[in-house]
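The values are calculated or read from the model by the stated rules, or taken from the named source; none is laboratory data. Computed from a prediction, not measured in an experiment: that's the story for all the values here. All Cβ positions, glycine included, derive from the backbone under ideal geometry; neighbour counts span all protein chains shown.
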Amino acid sequence: MRTLRNTLRVPVARGALAVLLLVALLAVFGGQLAPQDPLAQDTAHVLQGPSGAHLLGTDYLGRDVLSRLLSGTGLSVAGALEAVGAALVLGIVPGLASLWLGRVFEWTALRAVDALMALPFTLFAIAAVGVLGNGLHQAMLALGVLLAPLFFRVTRAAALGLRQVPYVEAAELMGASRSWVLRRHIWSKVLPTVAVTTAQALATSLLTVTSLTFLGLGVQPPAPTWGGMLASDLGFLAQQPWAPVLPGVLIMLTVGALHLLADALRDGGAADAVRPVRAAATAPVREEKADAAVAA
Amino acid sequence: MSAALPARIARAPKPLAQGLLTTATVFLLASVLTFGLGALSSANPGAAVLGDTATPADIARMNHQFGLDRPLPVQFLSWLGHALHGDLGRSWFTTVPVAQSVWQALPVDLSVAGLALLMAVLLGGAGGIAAALSNGGKVDRAVTAVCAVLGTLPAFVIAIGLIAVVSVQLGALPSGGYVPFGQDPVQWLRFSLLPAFALSLEAAAGIARQLRTSLVGALRENYVTGASMRGLSSRRVLFGHVLRNAAGPALTVLGMSVPMLIGGAVVTERIFNLPGIAQLALQAAQEHDVPVIQGTLLVTTSVVLIANLAVNAGLAALNPAARRGRRGAAASGDPVAISIPEGATA
Amino acid sequence: MPLSPPEQAPEVLAVEGLRITVNGGRTEAVRDVSFTVRAGESVGLVGESGSGKTLTCRSVLGVLPPGCAVAEGTARLGDTELTALDRRGWERLRGQRLGAVFQDPASYLNPSLTVGRQLAEPLRVRQGLSRSEARERAVQLLGAVGLHQPEEVFHRYPFELSGGMLQRVLIATAVAGDPELLVADEATTALDTVVQAEVLDLLAQLRAERGLALLLVSHDLAVVAEVCDRILVFYAGEVVEDGPTEQVLAAPAHPYTEALLRVASIGDWGRRELAVIPGRPPEAGEAPTGCRFADRCEYAAPQCRSDQPVPLRPAGEGRRTRCVRADDLALAGTGREEVTA
């Protein structure tokens, strides 16, 4: 794919991808890589600084910080992927459908998107956990629903712009079926835009997962997570003021890499397709009008 | 000679009324979502409240009291009807009216979020203007770098860092707690400063970035030359003319950060131990107290919607074309506007 | 017909040996430009785009684009040396002693403020008028530039007015401070012919009423010919001819002026062919040594291609030319049969 090739030519993008690959490896093999049992307590050696036995020191229960960091990666990453996966399905399908399924569906979908965007992220995820039971899956599904409007708008805007492009119009006039037009022309152009949004959404949901686990939601306490580690570090800031730096830096690196990748993807070819979306994001009222004009 | 005035100012299509209608629709849909989420609950409040010793009949009676044996649409309409009259039901467990709890928590959020908003505007505005004026220079690069870092740092990591440095190491400000503004404004400020600052940074970065971009564009416009050719000082041109035209997108960013400041501040509230809505919701979530969860969600959503209305009103005030019902004409210098020939010379 | 200025009226603008560089000083775009504008006089700078006329006029206004700078020479407005002005100096000058009108008037007005507010703002800030005084004066000015219902126009936004009306508004802002010099940079280019004629009439009228000096920049020789007492013809960053309008039109002293006249088809040429000047003007910094027009000139001779720049030299009373062969050639002006050497 051209966009991907363009993107990979940028050194920053390669760096970001390398970081993400590393995080992915940690997510899958982090548990095996951990030098010690992340749950093993050692009350004789609590809140210790880095040493030969514990490369990154120990926490308030004497557990090995490095091991907890490594084995905590999987859960955060899996949660974020789950949420974005749900958002992709829930956003793209109605986003494309809204262009062809008639005005009633279009109007309803647009209002629903507005409603979803007015709901505050973390609070909704917390509510979902509260109502549906304390599991990360519930929270991530809820988050996926809230992230779906991003993909809805992006897909819709890209496809909307494309529908007026002469060659798509020509294809439709020549009697090409809708699904053919969709596959052949629109899909290839929408995909880069979706890639950009996916990177951004992954960053957002990773932050939300960390927030939830920080609050003790979604996982049972002894299981290590980035957010959970931050929460327990907060109680011992006087003794170990540097402790939150470790999970903090890990979060920052991952989120930063995702942002950089999104930027690089945008510059690397999605730019044309993304531009109307950004305009829409900065002028919600106007986008609505444009929709109406197209619908009319 | 003369030039006749075109009599073609379109009558404004009441954008405010239109906005209100859209907002009402969105509110209704959001309330359906909120209620629907509650309805998905598998919780059996009767059993939970009454404990293990309750008989099935007692539980059924309790659930009847809660109104849970009615059909869902009836429950929804009754819930929404009461909510519109300020009654959000009662907590299943404490039986305290939800509206009362929310009413106590809301000022905390609004005052801290308000302070955060102010900080975001000041920091982001100053950063954006400074960056745009030094376009490509040292200040510009510094602001861009800071914004990039702030974009990846979640608010709660910043909050923890602030506590570690300002509260624990320096002992300058309290690390948590709250005093209402009405009770003691100075103490309120001492307790609100850190959380508001932690919350404001992400919004400030967004505003700075957006403002920089639109200012750099606006400063290249001919009307800037035009204004300075009239003898106006560059400061006057910047603040009276350019900023006004470049503020729109930044205002939109500001509007989008309102949900983040009010509802998304859960973790920050928790870290600083602020008795706000998010804490209320968190506690309710842990207890599966559905009415409280629904109430907090509905109120937060309403605040966000009101903020959006305010932002749209602000945008309309900035854009005379929208105010007079001619979308985007002002922004693009729409040549269509130049359609009426001048009158014959007299 | 252009008004004749009083012979020895005081000089309002005096430009001397102006040299302007672009690309941060690496390329020379304008060289050796000297001219004066006297009180009540109107001077036209004419030439193709890229000929340096707009850069010259912008340097007089202190609004050169980024990367462009006055490298040599002086420009005095009355007793003020313009090339030495700092930001504050320019702010004191503009609007008060110096007014300007540009092409595309809509873009030179703030789209989100009413034209009245934009007209009244400098009156309040610079002239210290009260809000109501400024308003009254602004309405008066809008009337003075020929706008009907000035009170109505006062409350209009730029997008609600036509191009011709906007140019009148811009002229009103330019003359609001009673400037000594009004600079009009392609001020009528985007307007249709009828409106263009009206705006030119307005400029002539304002000049007569207020005695202001006018510096008009245009690519259109016909426009300059209609309003200006004096014409400076620019080619490839140099002034190639300078003289009173009537004389330049009747008997150009430089082959480029002749070619321009032919293209503009002013007057009654017997055979109105679609005239073009062959070739293209050289890019800035790539002009040939010697006569810069030589490559496109039908009269070019070996002496035109020397390795020294051709000096601007006198060619009769109040006239100058940069043509090496000026004395040998009898060039065709308007209303005459074609005469070639």
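Miscellaneous remarks
- B:GLY206 vs. criteria within 14 Å of chain C (Cβ to nearest Cβ) and part of a helix (DSSP H, G or I): no
- Flag for B:LEU238 being surrounded by fewer than 24 Cβ atoms within 10 Å (Cβ to Cβ), in contact with a helix residue (DSSP H, G or I) (Cβ under 9 Å, 6 or more places away or on another chain), in a helix (DSSP H, G or I) and more than 10 Å from every other protein chain (Cβ to nearest Cβ): yes
- Here A:THR73, A:THR122 are screened, and the one residue that is within 14 Å of chain B (Cβ to nearest Cβ), part of a helix (DSSP H, G or I) and closer than 20 Å to A:LEU230 by Cα is A:THR122.
- Of B:GLY217, B:GLY161, all but one fail to be under 22 Å from B:LEU254 (Cβ atoms), without any contact (Cβ under 8 Å) to a residue 60 or more places away in the chain and not aliphatic (A, V, I, L, M); the exception is B:GLY217.
- When C:SER130 is tested against (1) surrounded by fewer than 23 Cβ atoms within 10 Å (Cβ to Cβ); (2) among the hydroxyl-bearing types (Ser, Thr, Tyr); (3) within 17 Å of B:VAL224 (Cα to Cα), just one condition goes unmet, and that condition is (3).
- Filter result (surrounded by fewer than 17 Cβ atoms within 10 Å (Cβ to Cβ), in a loop (DSSP other than H, G, I, E, B) and of a type in the set (Phe, Trp, Tyr)) within segment B:60-117: B:PHE93
- Number of residues in segment C:93-120 that are without any contact (Cβ under 8 Å) to a residue 60 or more places away in the chain, closer than 15 Å to C:ASP178 by Cα and within 8 Å of chain B (Cβ to nearest Cβ) equals 2.
- Only a single item in (1) more than 28 Å from A:ALA199 (Cα to Cα); (2) surrounded by 16 or more Cβ atoms within 10 Å (Cβ to Cβ); (3) of a type in the set (Val, Ile, Thr) is not met by B:VAL146, and it is number (1).
- Tally of residues being within 14 Å of another protein chain (Cβ to nearest Cβ) and not in a helix (DSSP H, G or I) across segment A:80-119: 1
- Of the numbered criteria (1) in contact with a Gly (Cβ under 9 Å, 6 or more places away or on another chain); (2) surrounded by fewer than 23 Cβ atoms within 10 Å (Cβ to Cβ); (3) in contact (Cβ under 8 Å) with a residue 40 or more places away in the chain; (4) more than 25 Å from A:THR208 (Cα to Cα), the one B:PRO180 fails is (1).
- For segment A:247-285, the set of residues classified as of a type in the set (S, T, N, Q) and at pLDDT 85 or above consists of A:THR254 only.
- Of all residues in segment C:31-50, those satisfying the criterion of being surrounded by 24 or more Cβ atoms within 10 Å (Cβ to Cβ) and either modelled with pLDDT under 90 or in contact with a helix residue (DSSP H, G or I) (Cβ under 8 Å, 6 or more places away or on another chain) (or both) are C:VAL33, C:SER42, C:GLY44, C:LEU45, C:VAL46, C:GLY47.
- C:GLU91 being of a type in the set (Asp, Glu), over 18 Å from B:SER228 (Cβ atoms) and surrounded by fewer than 24 Cβ atoms within 10 Å (Cβ to Cβ): no
- Checking every residue in segment B:294-316 against the condition of being facing chain A (nearest Cβ under 8 Å) and not in a helix (DSSP H, G or I) gives zero matches.
- Residue ID - surrounded by the most Cβ atoms within 10 Å (Cβ to Cβ), chosen from residues in segment B:262-281 that are among the small types (Gly, Ala, Ser), at the interface with another protein chain (Cβ under 7 Å from one of its Cβ atoms) and out of contact with any Phe, Trp or Tyr (no Cβ under 6 Å at 6 or more places or on another chain): B:ALA281
- Picking from residues in segment A:234-252 that are in contact (Cβ under 8 Å) with a residue 24 or more places away in the chain and more than 8 Å from chain B (Cβ to nearest Cβ), the one that is surrounded by the most Cβ atoms within 10 Å (Cβ to Cβ) is A:PRO247.
- Residue check, B:GLY231 buried (at least 23 other Cβ atoms within 10 Å of the Cβ) and free of Cβ contacts under 8 Å to residues at least 12 places away in the same chain: yes
- Against the test of being under 24 Å from C:TYR108 (Cβ atoms) and modelled with pLDDT of 75 or more, the options B:ASN308, B:ASN245, B:ASN312 yield a single qualifying residue, B:ASN245.
- Candidates B:GLY125, B:GLY136, B:GLY151 - the one that is away from every other protein chain (no Cβ under 14 Å) and either in a loop (DSSP other than H, G, I, E, B) or not aliphatic (A, V, I, L, M) (or both): B:GLY125
Residues are listed down the side, and each one gets a yes or a no for (1) over 26 Å from B:LEU211 (Cα atoms); (2) at pLDDT 85 or above; (3) touching a strand residue (DSSP E or B) at 6+ places or on another chain (Cβ under 8 Å); (4) among the hydroxyl-bearing types (Ser, Thr, Tyr):
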| site | (1), (2), (3), (4) |
| --- | --- |
| B:VAL139 | no, yes, no, no |
| B:VAL143 | no, yes, no, no |
| B:THR152 | no, no, no, yes |
| B:GLY161 | yes, yes, no, no |
| B:VAL165 | yes, yes, no, no |
| B:VAL168 | yes, no, no, no |
| B:LEU173 | yes, yes, no, no |
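- Residue match in segment C:51-68 (condition: in a strand (DSSP E or B), buried (at least 16 other Cβ atoms within 10 Å of the Cβ), aliphatic (A, V, I, L, M) and on the phi < 0 side of the Ramachandran plot): no
- Residues of segment B:17-48 classified as more than 12 Å from chain A (Cβ to nearest Cβ), surrounded by fewer than 19 Cβ atoms within 10 Å (Cβ to Cβ) and either in contact with a helix residue (DSSP H, G or I) (Cβ under 8 Å, 6 or more places away or on another chain) or at pLDDT 75 or above (or both), total: 3
- Residues satisfying the stated conditions in segment C:209-236, i.e. assigned to a helix (DSSP H, G or I), in contact (Cβ under 8 Å) with a residue 12 or more places away in the chain and either within 14 Å of chain B (Cβ to nearest Cβ) or under 19 Å from C:GLU246 (Cα atoms) (or both): C:LEU221, C:ALA222, C:VAL223, C:VAL224, C:ALA225, C:GLU226, C:VAL227
- Set B:LEU211, B:LEU199: member being touching a Gly at 6+ places or on another chain (Cβ under 8 Å) and either more than 14 Å from chain C (Cβ to nearest Cβ) or not polar (S, T, N, Q) (or both): B:LEU211
- The single condition from (1) of a type outside the set (Val, Ile, Thr); (2) over 17 Å from B:GLY226 (Cα atoms); (3) outside any helix (DSSP H, G or I) that C:SER132 fails is (3).
- Segment C:155-190, subset more than 11 Å from every other protein chain (Cβ to nearest Cβ) and of a type in the set (Ser, Thr, Tyr), residue nearest to C:ARG135 (Cα to Cα): C:THR188
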